[in-house]
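Beneath this line is the structure, given in structure tokens, with notes to follow.
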Amino acid sequence: MTYEEYLNLVAELNHHCVRYYIYNDPIISDYEYDMLYRKLLEFERLHPEMVSEDSPSKRVGFKIDKTKTLKHDMKMLSLDNVYSEGELLNFINRSSKHFDGEILWTVEPKIDGAAVSIIYEGGVLKSAISRGDGYEGEDILHNVRTIRTLPVKIKETGKFILRGEVFLSKENFKLINEERKRKGEPLFANPRNAAAGTLKLLDSSIAAKRGLDIFIYSIEEGRKYKGHFEDMEYLRELNFPVNENITIGHRDTIFTRVKEIGNLRSSLSYDIDGAVVKVNDYEIREILGETIKYPRWAIAYKFEAEQATTLLKDVSFQVGRTGIVTPVAILEPVNISGSTVSKASLHNEDEIHRLGVKIGDTVFVEKSGEIIPKVVKVVEEKRNGDEKDIVFPTECPSCKNVLKKVDAYWKCLNLKCPDRIKGGIIHFASRDAMDIKGLGEKAVDRFFEIGILKNIQDIYKIKHGDIRYIDGFGELSEENLLKSIEESKKRDFYRLIYALGIDNIGIRTAQLLASKFKDIDNLMSATHDDLFDIHGVGEEIANSLIEFFSNEENRELIIFLKSVGLNMRHSDERGSLLSGVNFLITGTLSRPRKFYEELIVKNGGNILSSVSKNLNYLIVGDNPGSKLEKGKKLGIIVLNEEQFLEMIGMGV
Ligand code: IVH
């Protein structure tokens with residue numbers, strides 16, 4: 001390959017990355033991408049001195065010795081907060097006093113991550129600095145470079161100073177903590193801490209694996225238009241990741257928009273902790289000016305804190321499918337951002353010691369997004385001396401087997417322990433696994449108690465008439481459950497691998513195994529060497545798999561699941577039903593957005609990131625916002641969830 005061909009290859013791969021990461025609309029398969037990428041690596045191995053700055057290989061990370069401190073060219077301000085509509089109104093009145101009627105406002109989500117300043121020069125990503133004290137921060141370019149949604153090269157060659165928020169999606173955060181738990185490493189408290197911690201790492205290959213993401217929220221230098229909204233559209237055109245929920249309007253639209261963003265909160269794949277209200281016009285911003293810390297032209301409306309204090313009444317001990325015994329705090333029920341919390345995790349014995357918590361204590365409980373509520377602090381001032389120490393059991397609360405300490409956890413090692421089996425069924429039916437609706441924790445508990453479910457096999461033995469007479473269930477819930485059980489047979493193969501609950505096999509590993517081994521027979525007969533050959537599969541995973549499949553009962557389970565028709569084959573192909581059809585989803589839907597996106601992609605359709613005339617269908621949920629208006633103006637066909645499901649033959 002000549003140097004010129006190499007540069008073309010770099011450009012081609014970068015183009016595919018944009019299609020994949022920014023537009024969710026790849027035009028080549030993962031396999032084809034891998035082949036091109038290999039070619040690139042081969043050239044770079046032979047000519048290390050020629051490696052281009054914007055080569056995708058630079059995204060995989062490397063190790064640096066120590067971090068440098070760098071000065072910000074322009075001071076990095078923070079935002080003042082308000083917590084109520086009254087305070088927000090005061091802010092709006094104060095800032096629009098002299099400009100009434102003229103001001104246009106933008107409202108956008110406040111991303112809960114870590115602030116960064118990013119500089120481009122000559123069309124190339126040159127520098128990335130953490131906020132630090134606002135005047136100087138740490139050089140974090142090596143980690144920021146791993147963010148696949150952030151272009152390394154852009155077509156504008158002037159200087160840009162951009163600001164944005166680096167974050168981890170809820171999904172990636174969950175995966176990171178699952179892995180840390182498996183390895184006995186301390187867990188991150190929330191996605192924000194995990195993102196901030198990741199940016200500080202010296203070894204950026206770890207950051208690359210964790211999957212950081214970013215939204216750019218301002219241009220400090222290099223502006224093209226007179227206002228923020230237009231400039232954010234401009235950044236989108238340059239392939240920068242800009243949040244899709246930014247809207248612009250007069251003051252009478254602000255409160256509705258703030259509420260809409262609040263409603264979106266749970267359906268977003270990342271954490272937000274408020275809405276940011278900004279004056280759009282840069283000239284007006286200039287006149288309003290700033291204080292030492294905050295601009296006078298923007299404010300953060302913070303959503304209700306997701307913490308509350310309450311009484312810890314007791315501690316119960318739960319045995320999960322892996323045998324780990326988890327202490328669970330039984331709380332005086334308390335409302336945290338709209339839902340009642342009556343239980344919270346205490347993780348393990350070490351955590352109880354770390355918190356110094358006792359029964360009868362008043363404690364701070366935190367709920368954040370998708371995460372199980374947890375006790376974060378004891379209010380020692382509220383103690384009256386009647387508090388009791390928490391005593392960890394020595395035998396399994398379910399089967400009375402003597403517990404063993406394994407790493408940081410106490411474990412029940414009895415494979416026949418009823419609670420372990422029950423935990424296995426709950427995991428098997430859970431959303432990311434076989435997604436059997438109506439077979440959550442409560443239902444499994446009840447069916448287990450009655451004897452309808454004794455193991456995973458029994459799920460597929462449930463018949464008409466088994467459930468409808470049980471207290472709290474009826475004909476309809478029976479119908480729905482049976483339908484969902486039937487549907488679970490068609491799930492992707494990797495979900496079954498994950499559902500089996502094999503030690504050390506999370507979703508990502510399951511996906512890897514499914515795509516490498518293609519079907520269950522290959523996977524079951526894989527040798528230690530076959531497994532070990534796969535990049536991303538280590539000793540632990542290989543051992544867990546070999547152990548799982550050499551157990552006779554597990555093999556019988558697989559044979560049974562095969563006999564009732566579960567899908568055990570990986571499919572690379574995309575269906576063609578929606579081939580070439582472009583979709584966009586907006587508003588709050590009754591199921592996670594990912595569910596619909598997966599359906600679209602699986603059927604060969606594309607997902608666009610904004611409303612344009614290329615869009616064919618707009619799928620709309622509650623509180624759709626400006627996309628619906630724009631779509632209607634362009635005459636795009638609008639579908640609700642049912643209509644979409646009907647379109648692909650999944651209607652009810
Ligand atoms: S604008 C002059 N927009 O929140 C300050 N900030 O608590 C400009 N943040 O320091 C900030 N999402 O790191 C802005 N859409 C957004 C944001 C956002 C998150 C962060 C930012 C800021 C912090 C203040």
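The values are calculated or read from the model by the stated rules, or taken from the named source; none is laboratory data. Note that the structure is predicted; figures quoted are calculated from it, not measured. Every residue, glycine among them, receives a Cβ derived from its backbone with ideal geometry; neighbour counts consider all protein chains shown. Accessible surface is based on the protein model in full, side chains and every heavy atom, while ligands, DNA and RNA are left aside. Shrake-Rupley method; radii C 1.70, N 1.55, O 1.52, S 1.80 Å.
Compute the separation of the alpha-carbon centres of the range 500-546 and the range 266-292 and state it in Å as a whole number. What the calculation gives is 47 Å, centre to centre.
Ranked by accessible surface with a 1.4 Å probe, highest first, in what order do His347, His228 come? Mind dumping the intermediate values first?
On the way: His347 60, His228 0 Å².
The most accessible residue leads, giving His347, His228.
Can you pull the one-decimal nm distance between simple spin-label points at Glu237 and Asp533, each 7 Å off the Cα toward Cβ? For the pair Glu237/Asp533, the computed spacing is 5.1 nm.
Here the range 121-176 is assigned +1 on the Cβ of each Lys and Arg and -1 on the Cβ of each Asp and Glu. Its dipole about the Cα centre then comes out at about 320 debye. Only protein atoms count toward the accessible area here, which uses a 1.4 Å probe; on the range 18-111, the carbon and sulfur part of that area reaches 53 percent. For the range 215-246 versus the range 436-494, the inter-centroid distance based on Cα atoms is 49 Å. Estimated at the nearest 10 Å², the accessible area of Thr256 is 80 Å² with a 1.4 Å probe.
Of the trypsin sites (Lys or Arg not before Pro) in the range 204-313, the ones in a loop by DSSP (not H, G, I, E or B) with at most 13 other beta carbons within 10 Å are Lys226, Lys293. Here the chain is assigned +1 on the Cβ of each Lys and Arg and -1 on the Cβ of each Asp and Glu. Its dipole about the Cα centre then comes out at about 320 debye.
With everything on Cα atoms, drop me the angle between helix 475-488 and the longest principal axis of the chain, reported from 0 to 90° to the nearest 10. The two axes meet at around 80 degrees.
Subtract the Cα-Cα distance of Glu304 and Leu41 from 0.36 nm times their separation in residues, and report this length gain in nm to one decimal.
Details: separation 263, 0.36 × 263 = 94.68 nm, distance 4.89 nm.
Once the chain is fully extended between Glu304 and Leu41, it gains 89.8 nm.
On full extension, the segment bounded by Ser544 and Glu32 gains 181.2 nm, given 0.36 nm per residue less the C-alpha separation.
The 1.4 Å probe gives accessible areas that order Ser204, Ser398, largest first, as Ser398, Ser204. Whole-Hz Karplus values for the range 43-60 come out as 4, 5, 5, 6, 10, x, 6, 9, 4, 7, 3, 9, 5, x, 5, 6, 7, 7 Hz, taken residue by residue from phi with 6.51 cos²θ - 1.76 cosθ + 1.60 and θ = phi - 60°; glycine and proline positions read x.
Once the dipole of the chain is set up with Lys and Arg at +1 and Asp and Glu at -1 on Cβ about the Cα centre, which of Ser345, Ser609, Cys417 lies farthest towards its positive end? So the residue furthest toward the plus end is Ser345.
Its relative contact order, with pairs defined as Cα atoms under 8 Å and 6+ residues apart, puts the range 521-652 at 18 percent.
To the nearest 0.05, what FRET efficiency results for Ser84 and Asp389 with a Förster distance of 35 Å applied to their C-beta separation?
Working: r = 41 Å, r/R0 = 1.18.
According to the calculation, E is roughly 0.25.
Using only Cα positions of the chain, each an equal point scatterer, no hydration layer, compute I(q)/I(0) via Debye at q = 0.05, 0.07 Å⁻¹ and quote the log10 values to two decimals. Scattering profile of the chain, log10 relative to I(0): -0.27, -0.53.
Taking a ≥ b ≥ c as the square roots of the Cα gyration tensor eigenvalues, the range 141-206 comes out prolate, since a/c reaches at least 1.5 and a/b is larger than b/c.
Close amide-amide hydrogen proximity is noted between Val315 and Ile330, each under 5 Å apart and 5 or more residues distant or on a separate chain (H modeled in the peptide plane; Pro and chain starts excluded).
Loop-located GluC sites (Glu not before Pro) in the range 553-652 (DSSP state other than H, G, I, E, B) with a sparse environment of at most 15 neighbouring Cβ atoms within 10 Å: Glu573. Remark: the Cα gyration tensor places the range 532-626 in the prolate category, a/c being 1.5 or greater and a/b exceeding b/c. How high is the relative contact order of the chain? Use alpha-carbon pairs under 8 Å, at least six apart in sequence, and give a whole percent. 10 percent. Ordered from largest to smallest accessible area (heavy atoms of protein chains, 1.4 Å probe), the residues Cys417, Cys399 come out as Cys399, Cys417.
Against the chain, whose longest principal axis is taken from its Cα atoms, helix 418-429 shows a tilt of about 40°. Of the trypsin sites (Lys or Arg not before Pro) found in the range 370-417, those that fall in a DSSP loop while having at most 15 other beta-carbon atoms within 10 Å are Arg383, Lys400, Lys416. A Cβ-based charge dipole, computed about the Cα centre of the range 165-318 with Lys and Arg at +1 and Asp and Glu at -1, lands at about 500 debye. Each residue of the range 134-149 was assigned a 3J(HN,Hα) from its phi angle through the Karplus curve 6.51 cos²θ - 1.76 cosθ + 1.60 (θ = phi - 60°); the sequence is x, 9, 9, x, 8, 6, 10, 4, 4, 7, 5, 4, 6, 6, 6, 7 Hz, with glycine and proline shown as x. Seen through its C-alpha gyration tensor, with square-root eigenvalues sorted a ≥ b ≥ c, the range 14-76 comes out oblate because a/c lies at 1.5 or above while a/b is not bigger than b/c.
Taking 4.7 Å between beta carbons as the limit, the unpaired Cys residues of the chain are Cys17. Averaged over its residues, the range 366-408 has an accessible area of 68 Å² per residue, based on protein heavy atoms and a 1.4 Å probe. Helix-only estimate, please: 222 nm mean residue ellipticity of the chain, summing -39500 (n - 2.57) across DSSP H runs of length 4 or more and dividing by its residues, to the nearest 500. Taken over the chain, the calculation gives -10000 deg cm²/dmol. Distance distribution note for the range 447-526: the fraction of Cα pairs above 21 angstrom is 43%. Rounded to the nearest 10 degrees, the inclination of helix 3-17 to the longest alpha-carbon principal axis of the chain is 70 degrees. Take the Cα of Met1, step 7 Å toward its Cβ, do the same at Ser612, and the gap between the two points is 2.8 nm.
Estimated at 0.36 nm per residue, the fully extended path between Leu311 and Lys562 surpasses their Cα-Cα distance by 85.5 nm. Summarising the label geometry, the points placed 7 Å from Cα in the beta-carbon direction at Glu136 and Lys259 lie 4.9 nm from one another.
May I ask you to give the solvent-accessible area per residue for the range 151-260, in square angstrom, as obtained with a 1.4 angstrom probe? Don't skip to the answer; put the middle values down first.
Numbers: 4790 Å² over 110 residues.
Heavy-atom SASA per residue in the range 151-260 reads 44 Å².
Round to the nearest 0.05 the FRET efficiency obtained for Arg555 and Val376 when R0 = 60 Å and r is the Cβ-Cβ distance. The calculated FRET efficiency here is 0.85.
What part of the accessible area of the range 179-262, given as a whole %, is carbon or sulfur when the probe is 1.4 angstrom? Walk me through the numbers before you get to the answer.
Values: 1930 of 3810 Å².
Whole-percent figure for carbon plus sulfur exposure: 51.
Think of the chain as a dipole: +1 on every Lys or Arg Cβ, -1 on every Asp or Glu Cβ, centred on the Cα centre; then among Leu584, Asn143, Ala408, Ala408 lies furthest on the positive end. Derived from the Cα gyration tensor, the three semi-axes of the equivalent ellipsoid of the range 202-275 are 26, 20, 9 Å, largest first.
3J(HN,Hα) along the range 619-625: 8, 10, x, 6, 6, x, x Hz, from the Karplus curve 6.51 cos²θ - 1.76 cosθ + 1.60 with θ = phi - 60°, whole Hz, x for Gly and Pro.
Output the Kirkwood hydrodynamic radius of the range 260-388, Cα pairs only, in Å rounded to one decimal.
On the way: mean 1/r = 0.0571 Å⁻¹.
For the range 260-388, the Kirkwood estimate is 17.5 Å.
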